[in-house]
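To start, the structure under review is shown below, and the notes come after it.
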Amino acid sequence: MTTDLKAFWANVDAALDRCAQADTVEDVITILNEHFEPSSGEAFFAGSGGDNQLLDKLHWYRPVRTWKIVRYDAPYYWCLADPNGDLLTYIEGDIYRGNTMTT
């Protein structure tokens, strides 16, 4: 069991490390699909219960914040714009292209 958990969190960390370098929505989707099976959206981030989060790597922890927050309702419900203006919505781990947040 411990080995499985260690492998799971190592995979989460590897995905986050790669996403920290992502410049586009497509980069994020490609990276996450290489680490986790998609669920409802185009991609899925399985590490939402961990200490480090996707929003941290894409926005807060970057020395230059090239990804912009479009809307933030909760740690599990937000939308970002990449440097090209393309949008990514995060809903409880599911990743969608565009702003799919309800009004």
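What follows draws every value from the coordinates through simple rules; no lab data is involved. Keep in mind that this is a model prediction, so the values were computed, not measured. Cβ placement follows ideal geometry from the backbone for every residue including glycine, while neighbour counts extend to all protein chains displayed.
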Quiz prompt | Yes/no for residue 18 being out of contact with any helix residue (DSSP H, G or I) (no Cβ under 6 Å at 6 or more places or on another chain) and either of a type in the set (Lys, Arg) or surrounded by fewer than 14 Cβ atoms within 10 Å (Cβ to Cβ) (or both) | solution = no
Quiz item: So how many residues does region 21-69 have that are in a strand (DSSP E or B) and loosely packed, with under 15 Cβ neighbours inside 10 Å?
Solution: 2
Quiz item: Identify, please: which residue in region 70-99 is assigned to a loop (DSSP other than H, G, I, E, B) and either more than 15 Å from the chain's Cα centre (by Cα) or in contact (Cβ under 8 Å) with a residue 40 or more places away in the chain (or both) and is, among those, surrounded by the fewest Cβ atoms within 10 Å (Cβ to Cβ)?
Solution: 85
